[in-house]
Every structure is written in C-alpha cells, then in structure tokens.
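Single-structure report; data block below.
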Amino acid sequence: MTVQVMKYARELLELEIPSETVGETEAILDELPELLEALSDPTAKVEKKHRVIDRIFPEEIRDFLKLLCDNEVCGDIKDIFKAANSMMPKSKSDVTAELKCVVPPTERQLEGIRRFISAKFGYENVNVKVTEDSSVGSGFVLSVDNSVFDWSREGRMRQLKEKIEKTYEKPAQSMTEIISILKSEIDEFEIEAKDKEIGFVTWAGDGIVNINGIDHAMYGEVVIFDTGTKGMVQEIRRDSIGCILLGDDDNICEGTRVVRTLKKAGIPVSEGYLGRVTNALGAPIDGKGEIAASQYRPIENDAPGIVDRKSVCVPMETGILSIDSMFPIGRGQRELIIGDRQTGKTSIAIDAILNQKGKNVVCIYVPIGQKASTVAKIVNTLKSNGAMDYTAVIASTASESAAMQYIAPYAGTALAEYFMYSGKDVLIVYDDLSKHAVAYRALSLLLERSPGREAYPGDVFYLHSRLLERSANLRDDLGGSITALPIVETQAGDVSAYIPTNVISITDGQIFLESSLFFSGMRPAVNVGLSVSRVGGAAQTKAMKKAAGSIRIDLAQYREMEIFTQFSSDLDDNTKSRLEYGKTLMELLKQPLCSPLPMYVQVITLCAATHKLFDGIELSRLPQYRKELIKYMNESFPEISEEIKSTGLLTDETTALICKAAEQFREIWNNKSEA
C-alpha cells in the first residue's frame, strides 16, 4: 500500500469513528459503485460532492469523506478502509486455544488452563480445543495465538539438553569436576514454564524464507527451524517476516515451524581463534577440532562514539617501502586498497600481515566470495612465514550462500572487537567488499526490495559505513585499536563506479593500483597521483618522515617529465639527471612478494636515495646493490640501525653516517666490479 493510503488510514483511526459506521459506509459504496466513480471524478465540483456525502453517508464519517474529496483521493477509499482495519488493534474478547495431550484433562484442570490464558493474554472468553495425541508422550502442549507452552516429555528433555550443553561452556579442570557439575545441574533442574513465539514458513527458496506468525521478531534476530537450520531476520513487513538462511535449505518448505531465540546473530569469540580457519558463523573448517569460546559477541554492533576515540598517531607499518614512505597507515585508520583484478591488492594486504610479526598485533583476514583454492594458498603462505600464530581467518568462499558472504565481514569485525576491547591492536583485511556488495544485492532483490543504481539497494552505503566505522583507535582506558584494510575491485580502472566511490568516501585514504604500472613490471603498482592517506605524517615515525622528504613530489615530476621527453632526443644534463634519479627511485620502490622491509632498512634506503647515492648503478643490479649495502651497514656500522630502532629519529649525525657508509660501500662495489 502507498504512503498516502497509510497516512489517511491512520487519520481515520485517530478520529475514532465506530467500526459499524465504517462498515455501513463500505456497504453503501459496494451497492452503489457509480457513487464511488462520481466522488472520484476530478472534473466534478467539490460542493456537489459535499452535498452528496451529506445526503447519503452517516454523520460520523462525513467530515473524513469530505477531506478525501478535497484532496482528490476518493479513488483510494476502499484501500484506506482496508488498511485501517488491518491497523486496528485485535479484539481481546474471544480466543480458541489448542491443547494436545495423551489423557484428556478434567473440567477443573481445564478451568485452571482458561484462567492462565486469560491472565497471560488478557482474553475475556477462552475456549480450549482438546486434541488427544499419543506422540506427546506425557504432559501436554498448549498453543495460544503464536505462542506455544511445551510441557510435553520431548519439551522437558529439550530443556534438560540445553541446560547440559550450557554446562559444557563452563571451565572445568578435570573429568571429576565435569561430572560433579553435571550432577548438580540435573539435581537442580526445574521445568521452566516459558512460552515460545512460533511461526510457519509461507515461502522458501534461494536461501530466503518468508514467515508468518513471529510478529515480535527483531531485525537481526536468529530464528531456528524445525530442521535445525538457523536463519536471521532481515525484513520486517506488516504481514510477514523475511529471513535469510544461515545453512542449507534442505527440508524447509511451506508449513515448516520456526521458533524465535530472542538473541541477535553473533559468533563465539576467544583467543583460541588465532591460528584457525573458520566460517562466517565461527565454526572451524580447518579440521583441527572445536574451538573453546570465552564470549559471544553480536555480529552487528554500534561503532565507538567520538569521545571514546583518540587521534591516529601510532604507525601500522606494512613493510612496503612505497606505502610506508608516501601513504602511511596508522593504527585505527581505514585505508582502502583499490584496483583492477590481478593487480596485487591481496598481496599488499598479506605483506602487511606478515610485517606484524613480533609487534603484538592481532591480524584477521576475511576473504569474501574468493575461491577455496585461493584461500588455502593464502593460509599456506601465512603458515610458511609464521604469521598464523597471530592471525585468524574467517572465510566465506564463492561456493557458500549469499547470506554467509553477507555476514562474513561483520563476523570478522566482531572477533576484532573482542581483541580491541581486551586492549590489543588489530589489523583486519576485508577481501573484498565488491563481492560483499554483490552478495547483499542478491539478498535484497530476493527480499523484493526496490533496486537503485546498478540494481543495488538504497542502503548499500550504510552496509559498508556501519562496518568500517567500527574500526577505531580507542582511548587508553577503553582498549586498543582496529585498523581496517578493505579491498575493492574496479572495472577498467573506473574509480567513479558506485561501490568504489562509496567506500572511498567512508575510508581515510586509498592505495590505487594501476594495471599499466603492474604490467610494466612496477610491483607494487601504486599510482602516486591517485593514492592518498588522509592521516598523513601523523602516522609516521619522525625518522621515516624526514627520510621520505620530497620523494612523492620527485616521483610525480619524473612521471610527468618522462611523458614529455619520450619523443625528444636532445636533453640537457639537468633533465637527464632528473630522469636517472626518477628511474632509480622507481626501481628502489619495487619489492618482491612476502618480503616486507623493517623500518630502519626503509629509512636507510630512502636517505641514501634522496642524497643521490644510488645514481649511476645499473638498474638491473640495483636490488642486489641495496641488499649488500644494508648488509655492509649492519656489519660495519651497527650503530646506525640501533639508533633508528631505539629512538625512531633520523638526526643530522645519523644522516651523515649513512652517507659516509654508502660512499665507502660504493668504492668497495666499484673495486669488486672492476676486478
């Protein structure tokens, strides 16, 4: 129904017109359809319509009908009456309850049940329909409206089972202690007389289920089907509930019973998730057994407020020279990695994880819609480099449903928040949010939400903003930080597409990877012009800040000069010097996979480069030259690295010492080359 119809339906209810009068008006319109046509005629005079209303309709409803005529909405009268009738509170006078039992109750017992229902639900007249059902075993099952009170043998066994399962969550030191706890729980067990709100499936398909009956379900609540499959409420309509399935839809069909859990969707969390691979629900998929959980955190959680945060000021070093020098990332920052497919986006994120070894940072990698073989390869890379000790992988592969891919990044963030509020610094990688948006689009279209630009729903911006806003650098008294590295894939380098522009506006900067640079051999293929970090130097050590100097401007000038001079043969010495310096910088910024550089190595490299101490070296031999230069400095001038690591500063004396050491090594290198 339209917004206009709902508006007038609410006005009709506010006027408190007797239902008999509304019914009489509907009967008149049904008997005289030509009267409705006359009132709906836009060419007829309003005064004439008012006179007809005064002569024919009951006095209580005349003013409301005149209002409809004045606003030319008489054509919607029947829809307005229908909407008002559905919005009207249900009568609490009569109800019929169903009682399933093995032995029929006595009249005295029935009277007690009637009094219970009357007191619980407020009905005046209660009728109880008794059905003999041997499957109940013992006790009985009482159904009133959408509520069920299960005092059957099966219901009591189910309660006892749930109680015992909760007992296993309690820490115990020995088997004797476990047996003691179980005995205590069984001895103290009492049947709880709680009602469960139930509903029934009206439609199921493509991982989406429509449910009637659970009228009080809340958004994001977990519901359980008779088959044991769990679902999450995603759409609350006036007459039904839309739910996404978090498992197989086998055996779920029209009429399947659904029970509310009164619990928001979440995952178990603990330190035990480090080194493990799980799915979006926190269940292990690496074959290493169950994971002991210490808490349960909702996957949807409010982002920290402004007063709970502090400014980003501690660097989160990636070990990648081009990023740490020009686009520094700080703890608590959200830095987007964006580019076409197969340009090295995931490689940058994995290198950042590898570089956190020994820095007391917890890493969480969330692949969304990736091939299972790709995820396995990445996990093996992390294992071989010793990074799984401080990394958790929450995977939702391409073979999983859109619902699982949708909740995966939120589940990863819930685990990250557990560590953050424990006082730790966390690095989380979402790989990638383009596939996440596609999964959400599929769910929204199946839930019959209106499509917008590129068929995405209207709240797709909120989808990612509420996710990334949970990354923060908390005050010292509240916890640690979450640093987010979301990845977004572009098509033919188009950063103006819907999802890329959304995520760019949410994040604190982006690292743009260019296909042409990648194919020319520049890896990582970072585009200096389009990449930016909005935190900037606040997230750099003073040594790195000083060493980087004007390197970004120098590279931009080189790229521009290279374009203008590619067709020129006659170049002056100054231009040739600038081009040679630019080529040297580009070569120094190349870095192989899984080879993050320590901060002091980056500082020494940049310091030597900005002082033109790499000029004149053959580009093909430059990587080997730099490697041996660092080795020479570590052996002959260990005080340089110790000074930079301990103080984080690059003093003039240290700079002079680096230049002196580089010049001495240059002589050694030249002599070796001549020999």
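The values are calculated or read from the model by the stated rules, or taken from the named source; none is laboratory data. These numbers come from a predicted model, not from an experiment. We place every Cβ from the backbone using ideal geometry, glycine too, and count neighbours over all the protein chains shown. Each accessible area value is taken on the protein alone, full model and side chains, heavy atoms only, with ligands, DNA and RNA left out. Shrake-Rupley method; radii C 1.70, N 1.55, O 1.52, S 1.80 Å.
I need a count of the residues in region 333-343 that are open to solvent by 10 Å² or more (accessible area, probe 1.4 Å) and at pLDDT 95 or above.
Residues of region 333-343 open to solvent by 10 Å² or more (accessible area, probe 1.4 Å): 334, 340-342.
From what is left, the residues that are at pLDDT 95 or above are 334, 340.
Selection size over region 333-343: 2.
Can you pull out the residues in region 12-45 that are under 22 Å from Asp239 (Cα atoms) and either of a type in the set (A, V, I, L, M, F, W, C) or at pLDDT 85 or above (or both)? Please lay out each step first, then the result.
Within region 12-45, the subset under 22 Å from Asp239 (Cα atoms) is 12-14, 19.
Correct list: Leu12, Leu13.
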Filter result (over 26 Å from Arg341 (Cα atoms) and either open to solvent by less than 10 Å² (accessible area, probe 1.4 Å) or touching a helix residue (DSSP H, G or I) at 6+ places or on another chain (Cβ under 6 Å) (or both)) within region 434-451: Leu447
Could you run through region 452-489 and say how many residues are surrounded by fewer than 21 Cβ atoms within 10 Å (Cβ to Cβ), closer than 28 Å to Ser347 by Cβ and in contact (Cβ under 8 Å) with a residue 60 or more places away in the chain? 2
Pairs needed: first member in region 71-83, within 12 Å of Pro33 (Cα to Cα); second member anywhere, modelled with pLDDT of 80 or more; C-beta distance under 6 Å; at least 6 residues apart or different chains. Gly75/Ser40
With (1) in a loop (DSSP other than H, G, I, E, B); (2) open to solvent by less than 10 Å² (accessible area, probe 1.4 Å) as the list, and Gly493 as the residue in question, which single condition is left unmet? (2)
Given (1) aromatic (Phe, Trp, Tyr); (2) surrounded by 13 or more Cβ atoms within 10 Å (Cβ to Cβ); (3) part of a helix (DSSP H, G or I), where does Phe614 come up short, assuming only one miss? (3)
Condition set open to solvent by less than 40 Å² (accessible area, probe 1.4 Å), in contact with a helix residue (DSSP H, G or I) (Cβ under 6 Å, 6 or more places away or on another chain) and not aliphatic (A, V, I, L, M), scope region 536-571, selection farthest from Thr655 (Cα to Cα): answer is Tyr558
Please tell me if Val259 is open to solvent by less than 20 Å² (accessible area, probe 1.4 Å) and either modelled with pLDDT under 90 or not aromatic (Phe, Trp, Tyr) (or both). no
Is there any pair with a first residue in region 574-596 that is under 13 Å from Arg559 (Cα atoms) and a second that is crowded, with 16+ Cβ neighbours inside 10 Å and among the charged types (D, E, K, R) whose Cβ atoms are under 8 Å apart and which are 6 or more apart or on different chains, and what are they? Tyr581/Asp554; Gly582/Asp554; Leu585/Asp554
Hey, Phe512 within 30 Å of Lys435 (Cβ to Cβ), touching a residue at least 24 places away in the same chain (Cβ under 8 Å) and surrounded by fewer than 20 Cβ atoms within 10 Å (Cβ to Cβ) or not: no
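Out of Val103, Val141, report the one residue that is of a type outside the set (Lys, Arg) and either open to solvent by less than 60 Å² (accessible area, probe 1.4 Å) or at pLDDT 80 or above (or both).
Details: Val103 fails: either open to solvent by less than 60 Å² (accessible area, probe 1.4 Å) or at pLDDT 80 or above (or both).
The conditions single out Val141.
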Within region 85-95, is there a residue that is among the polar types (S, T, N, Q) and assigned to a helix (DSSP H, G or I)? yes
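Looking only at region 631-646, how many residues end up being open to solvent by less than 20 Å² (accessible area, probe 1.4 Å) and free of Cβ contacts under 8 Å to residues at least 60 places away in the same chain? Step through it out loud before you land on a result.
To start, the set of residues in region 631-646 that are open to solvent by less than 20 Å² (accessible area, probe 1.4 Å) comprises 633, 640-641, 644.
Adding the requirement that they be free of Cβ contacts under 8 Å to residues at least 60 places away in the same chain leaves 633, 640-641.
So the answer is 3.
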Subset of region 209-258 [closer than 27 Å to Met87 by Cβ and in contact with a Cys (Cβ under 7 Å, 6 or more places away or on another chain)]: Val209, Ile211, Val223, Val233, Gln234
For region 419-433, check the following and say yes or no: at least one residue is closer than 23 Å to Asp206 by Cα, open to solvent by 60 Å² or more (accessible area, probe 1.4 Å) and part of a helix (DSSP H, G or I). no
Consider only pairs whose beta carbons are under 6 Å apart and that are at least six residues apart or on different chains; among these, list those whose first residue lies in region 18-42 and is under 15 Å from Phe64 (Cα atoms) and whose second residue is part of a helix (DSSP H, G or I) and basic (Lys, Arg). Leu39/Lys49
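Residue-wise test of (1) within 42 Å of the chain's Cα centre (by Cα); (2) modelled with pLDDT of 90 or more; (3) not hydrophobic (A, V, I, L, M, F, W, C).
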| position | (1), (2), (3) |
| --- | --- |
| Glu587 | yes, yes, yes |
| Cys594 | yes, yes, no |
| Asp615 | no, no, yes |
| Met633 | no, yes, no |
| Ile640 | no, yes, no |
| Lys660 | no, yes, yes |
Enumerate the pairs (first residue in region 219-242 and over 19 Å from Tyr440 (Cα atoms) and of a type in the set (Lys, Arg); second residue anywhere and open to solvent by less than 20 Å² (accessible area, probe 1.4 Å) and assigned to a loop (DSSP other than H, G, I, E, B)) with beta-carbon separation below 7 Å, excluding pairs fewer than 6 apart on the same chain, so at least 6 apart or on different chains. none
Among Asp54, Asp79, the single one that is charged (D, E, K, R) and either within 46 Å of the chain's Cα centre (by Cα) or assigned to a strand (DSSP E or B) (or both) is Asp79
Residue ID - modelled with the highest pLDDT, chosen from residues in region 57-73 that are crowded, with 18+ Cβ neighbours inside 10 Å and not in a helix (DSSP H, G or I): Phe57
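Search region 262-287 for residues being in a loop (DSSP other than H, G, I, E, B) and over 21 Å from Lys230 (Cα atoms), and hand back the single one that is most open to solvent (accessible area, probe 1.4 Å).
Filtering region 262-287 down to residues in a loop (DSSP other than H, G, I, E, B) leaves 265, 270, 274-276, 279-283, 285-287.
Remaining after also requiring over 21 Å from Lys230 (Cα atoms): 270, 274-276, 286-287.
Working: Ser270: 7, Leu274: 41, Gly275: 16, Arg276: 28, Asp286: 45, Gly287: 78 Å².
Per the stated criteria, the residue is Gly287.
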State yes or no: is Glu111 among the acidic types (Asp, Glu), in a helix (DSSP H, G or I) and exposed (fewer than 15 other Cβ atoms within 10 Å of the Cβ)? yes
Residue count, region 574-611 (criterion: in a helix (DSSP H, G or I), open to solvent by 20 Å² or more (accessible area, probe 1.4 Å) and in contact with a Leu (Cβ under 6 Å, 6 or more places away or on another chain)): 1
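Within region 517-533, which residues are small (Gly, Ala, Ser) and either open to solvent by 70 Å² or more (accessible area, probe 1.4 Å) or part of a loop (DSSP other than H, G, I, E, B) (or both)?
To start, the set of residues in region 517-533 that are small (Gly, Ala, Ser) comprises 520-521, 525, 529, 531, 533.
Residues satisfying the conditions are Ser520, Gly521, Ala525, Gly529, Ser531.
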Which of the residues spanning region 544-573 are part of a helix (DSSP H, G or I) and over 21 Å from Leu606 (Cα atoms)? Glu560, Met561, Glu562, Ile563, Phe564, Thr565, Asp573
